[in-house]
Amino acid sequence: MDIVVLVKQVPDTWAERRLQDSDKTLDRESVDAVMNEIDEYAVEEALRLKEAHGGEVTVLTMGPEKATETIRKALSMGADKALHVSDPALHGSCAVQTAETIAAALGTVPYDLVVLGSESTDARLSVMAAMLSEKLGVAQLSGARKVEVDGSTVTIERQTETGFDRVQGATPAVVSVVEKINEPRYPSFKGIMAAKKKPVTTVTIADLGIDPGSVGLANATSEVVEMTPRPPRQAGQIVKDEGDGGVKIAEFLAAQKLL
Amino acid sequence: MASVLVLVDHAEGSVKKVTLELLTAARSLGEPVAVVVGAPGAAGPLTDRLAEYGATAVVTAESEDVDKHLVTPAVAVLASLVGSESPAAVLIASSPEGKEVAARLAMRTRSGILTDAVGVDGDGTATQSIFGGAVVVKSRVRTGTPIITVRPNSVTAEPAPAQPETRTAEVTLDDAARKATVLERVVEAKGDRPALTDAAIVVSGGRGLGSGDNFTLVEALADSLGGAVGASRAATDAGWYPHQNQVGQTGVTVSPQLYLAVGISGAIQHRAGMQTSKTIIAVNKDPEAPIFELVDFGVVGDLFTVVPQLTEEIGKRKG
Ligand SMILES: Cc1cc2nc3c(=O)[nH]c(=O)nc-3n(C[C@H](O)[C@H](O)[C@H](O)COP(=O)(O)OP(=O)(O)OC[C@H]3O[C@@H](n4cnc5c(N)ncnc54)[C@H](O)[C@@H]3O)c2cc1C
Ligand SMILES: Nc1ncnc2c1ncn2[C@@H]1O[C@H](COP(=O)(O)O)[C@@H](O)[C@H]1O
């Protein structure tokens, strides 16, 4: 069972994130960067599947040079090798271009499963699993809180608002995971040392046969036309409970016609 | 005038409220064409409601395949309509499944996609709130057909009765669309409460509740208002409330008319899931809790006295 796990480096959510004034893209330089949190669960799930069924786990990321930190983290958790798609021409790519680039990179690694997170904390799109399944023409097994593999049959529990759907497909398949699925391991000291020797292949869009005229900010399928800091909320009314706090809220609700 | 495709979100024979909101938003962009994808017989009971909210046409695509495969049937129908209608835009509800339909449709038609819009202008520009609500952006699609997913409760649904023409469309699935099959749908927590994502009122509880049992306080308040129940991650991680109800960055995003936070501090990751709520109220014993930066009305006090009193008072007022 060969698995490619997709990880993305994102600005730490505790930091103040912003778009750059110059081109309205995410400022990735001035803030601390971490592995997208749900991707740790994706790496963990890939490692558990490998432990149960054998095979290799390849980490795949598309991002600037700095994203090697995130690759190293996945390798130190136990992944075997990595593929890093890095090219200045990719700066400012939209979701469609990102999916096309990742799909092209997946064309260079054999896989039975592509495992990824359900949502990135910076873009918050939750679209990548669906886009990749569409592009690759493989089974979409998304939003998994549980994954079971039996030979070439993959069955997931897809989390829904009222419970779950049991969804099944055959390999090759794309599986996205939600954080309920497992508890990611911490890299051990041994893992961190071993990661330094694991192979990381860096490729450019030329290596993947991608036309520079189809990627990057200038060719993105959507654009940010305007950005404004959130209009300050009108200062709310805050009262200290003097034994009538509940009644005060009810009065406020009534005045707002919410009751 | 160009048409605007609206994918109808429906369950158990009724149109979900978010669809009425989408039809309302669609009217500023062109002529709303409601697209119903469902099992045989699904569309019949929905048509009147769609007409009431201004659908100029209702396209019905029914097939046994719809319940067997997630996402792909709607994508097949919409992609074929995008080809034949050249619509000004496609509007879809911003639910997990809605976003996946939008995502696949964007790939198939090589079109730009804008997700989680909280507003759509007549020229197709969408307003989005990013970074946990810290920044508001306006975005536009440059390639193909604008595919926009809109958050529930962002637009106020307004009736505009129309006499829609009705048409049928085929659900034609290729091999790739059949690669994932739904074996069963399991309902774990079925209550009478509205679904979290499109509820008009949400009452959420956090670590301040102290235990799972105490969530009955939050449930009673939610029920008195006809609202849904949410929880902070601290509460779901502790096992006090189901994970499905987690509001925030790694949970559900809600944007209700009224959000009531009980015993929740208001961490940035929690705010990311509720910051665009219209009215926000908090009860917290710590006057310094960051949630108070967001509120329209806040009470600094002990939730164990304030919340029951509020529930009782609402009961009295509602008679
Ligand atoms: C990557 C990442 C993703 C995350 N995603 C999410 C997410 O999706 N959703 C989410 O909610 N969190 C998320 N978190 C966690 C988040 O950072 C906070 O830890 C969490 O929201 C805190 O929950 P809380 O407000 O219930 O608890 P606390 O921060 O502990 O706050 C409890 C509050 O209750 C008050 N209180 C206590 N007793 C009483 C009483 N008797 N009466 C009144 N008030 C009382 C306290 O004053 C305090 O303000 C995420 C964190 C990370 C790092
Ligand atoms: N640039 C990228 N490189 C690698 N993986 C990515 C990238 N962008 C998104 N992903 C993966 O797709 C998942 C969902 O992201 P999104 O659809 O952007 O919210 C993430 O959790 C990652 O696993």
Could you list, ordered by first residue, the pairs with Cβ atoms under 6 Å in which the first is in the range A:246-259 and at positive phi and the second is surrounded by 15 or more Cβ atoms within 10 Å (Cβ to Cβ) and part of a helix (DSSP H, G or I), at least 6 apart or interchain? none
Which one of these is assigned to a loop (DSSP other than H, G, I, E, B) and of a type in the set (S, T, N, Q): B:236, B:250? B:250
Between residues in the range A:54-65 that are over 28 Å from residue A:94 (Cβ atoms) and residues that are away from ligand 2 (no atom under 14 Å from the Cβ) and part of a strand (DSSP E or B), which pairs lie under 8 Å by C-beta distance while being six or more apart or on different chains? A:56/A:81
Just checking, which of A:78, A:107, A:117 is within 16 Å of ligand 1 (Cβ to nearest atom) and either farther than 21 Å from residue A:38 by Cα or touching a strand residue (DSSP E or B) at 6+ places or on another chain (Cβ under 9 Å) (or both)? A:117
Looking at the range B:277-307, which of the residues that are within 13 Å of ligand 1 (Cβ to nearest atom), open to solvent by 50 Å² or more (accessible area, probe 1.4 Å) and not aromatic (Phe, Trp, Tyr) is nearest to the chain's Cα centre (by Cα)? B:293
Any pair with Cβ under 6 angstrom, 6 or more apart, that starts in the range B:282-304 at a residue that is within 16 Å of residue A:256 (Cβ to Cβ) and ends at one that is acidic (Asp, Glu): B:299/A:241
Among the residues of the range B:202-224, how many are open to solvent by 10 Å² or more (accessible area, probe 1.4 Å) and either more than 12 Å from ligand 1 (Cβ to nearest atom) or within 11 Å of another protein chain (Cβ to nearest Cβ) (or both)? 7
Expected single match for under 25 Å from residue A:123 (Cα atoms), open to solvent by 10 Å² or more (accessible area, probe 1.4 Å), in a loop (DSSP other than H, G, I, E, B) and hydroxyl-bearing (Ser, Thr, Tyr) among B:265, B:255 is B:265
Which is in a loop (DSSP other than H, G, I, E, B) and either open to solvent by 20 Å² or more (accessible area, probe 1.4 Å) or closer than 30 Å to residue A:174 by Cβ (or both), of B:83, B:41? B:41
Among residues of the range A:11-37 being within 13 Å of ligand 2 (Cβ to nearest atom) and within 11 Å of another protein chain (Cβ to nearest Cβ), the residue most open to solvent (accessible area, probe 1.4 Å) is A:37
Return yes when residue A:155 is modelled with pLDDT under 95, touching an Asp or Glu at 6+ places or on another chain (Cβ under 9 Å) and away from ligand 1 (no atom under 16 Å from the Cβ) and no when it is not. no
Across the range A:158-177, what is the number of residues that are outside any loop (DSSP other than H, G, I, E, B) and at the interface with chain B (Cβ under 8 Å from one of its Cβ atoms)? 11
Looking at residue A:148 and the list (1) under 18 Å from residue A:49 (Cβ atoms); (2) more than 16 Å from ligand 2 (Cβ to nearest atom); (3) at the interface with chain B (Cβ under 9 Å from one of its Cβ atoms); (4) not aliphatic (A, V, I, L, M), which single condition is not satisfied? (3)
Residue count for the range A:181-198, restricted to those that are surrounded by 19 or more Cβ atoms within 10 Å (Cβ to Cβ) and among the basic types (Lys, Arg): 0
Return yes or no: is residue B:74 within 20 Å of residue B:163 (Cα to Cα) and open to solvent by less than 30 Å² (accessible area, probe 1.4 Å)? no
Taking residue A:40 as the residue in question, decide whether it is closer than 26 Å to residue A:12 by Cβ and away from chain B (no Cβ under 14 Å). no
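Okay, residues lined up against (1) of a type in the set (Val, Ile, Thr); (2) under 23 Å from residue A:117 (Cα atoms); (3) in a strand (DSSP E or B):
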| residue | (1), (2), (3) |
| --- | --- |
| A:186 | no, yes, no |
| A:197 | no, no, no |
| A:227 | no, no, yes |
| A:247 | yes, no, no |
| A:251 | no, no, no |
| A:257 | no, no, no |
Would you say residue A:125 is closer than 21 Å to residue B:107 by Cβ, facing chain B (nearest Cβ under 8 Å) and at pLDDT below 95? yes
Pairs where the first residue, in the range A:212-234, is under 27 Å from residue B:272 (Cα atoms) and the second is in a helix (DSSP H, G or I) and of a type outside the set (S, T, N, Q), C-beta under 7 Å, 6+ apart: A:221/A:96
Within the range A:243-259, count every residue that is in contact with a helix residue (DSSP H, G or I) (Cβ under 9 Å, 6 or more places away or on another chain) and more than 7 Å from chain B (Cβ to nearest Cβ). 4
Please go through the range B:279-311 and give me each residue that is within 9 Å of chain A (Cβ to nearest Cβ) and either within 16 Å of ligand 2 (Cβ to nearest atom) or in a loop (DSSP other than H, G, I, E, B) (or both), ordered by number. B:285, B:287, B:294, B:295, B:296, B:301, B:302
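The values are calculated or read from the model by the stated rules, or taken from the named source; none is laboratory data. Everything quoted here is computed from the prediction, not taken from an experiment. FYI the Cβ positions are ideal-geometry reconstructions off the backbone, even for glycines, and counts take in every protein chain you see. Surface accessibility is based on the protein's heavy atoms, side chains included, excluding ligands, DNA and RNA. Shrake-Rupley method; radii C 1.70, N 1.55, O 1.52, S 1.80 Å.
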